[in-house]
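Each reported figure results from applying straightforward, stated rules to the coordinates on display, with no laboratory input. Source: prediction; values computed, not measured.
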Amino acid sequence: MSTNYETINVTKPESETETTSKNNTNKVQENSINMDENNKKAFEIMKNEGSQKAVEFMFKHPTEKNDSGEPRKMSYSEMRSFYG
């Protein structure tokens, strides 16, 4: 049976929790520098508005419009080609 640190030590010292959180935030910010513009926009939406809004955004084509002038809806495979 495998275990992890969170399972074993439910009451981590607060300072360790804060350090881990800061390190994870820094890693995310570093990784966002290497993203293309579409992925940066999706990342910002997820960070500020949540995953549901980010998914809605990612299924709209970034450049193509439908007859109504709105972004064209993409299939799952098209979305994956833009957002991996």
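Note that segment 79-84 has calculated 3J(HN,Hα) couplings of 4, 5, 5, 8, 10, x Hz, one per residue in order, obtained from phi through the Karplus relation 6.51 cos²θ - 1.76 cosθ + 1.60 (θ = phi - 60°); glycine and proline are x. Using the Karplus relation 6.51 cos²θ - 1.76 cosθ + 1.60 with θ = phi - 60°, the per-residue 3J(HN,Hα) values for segment 61-73 come to 5, x, 10, 8, 10, 8, 4, 7, x, 8, x, 5, 6 Hz, with x marking Gly and Pro.
Across segment 38-44, coupling constants 3J(HN,Hα) worked out from phi with the 6.51/-1.76/1.60 Karplus curve, θ = phi - 60°, read 4, 5, 4, 5, 4, 4, 5 Hz, and Gly and Pro carry x. For H61, the residues whose modelled amide H falls within less than 5 Å of its own, excluding neighbours fewer than 5 places apart on the same chain, are R72, K73, M74.
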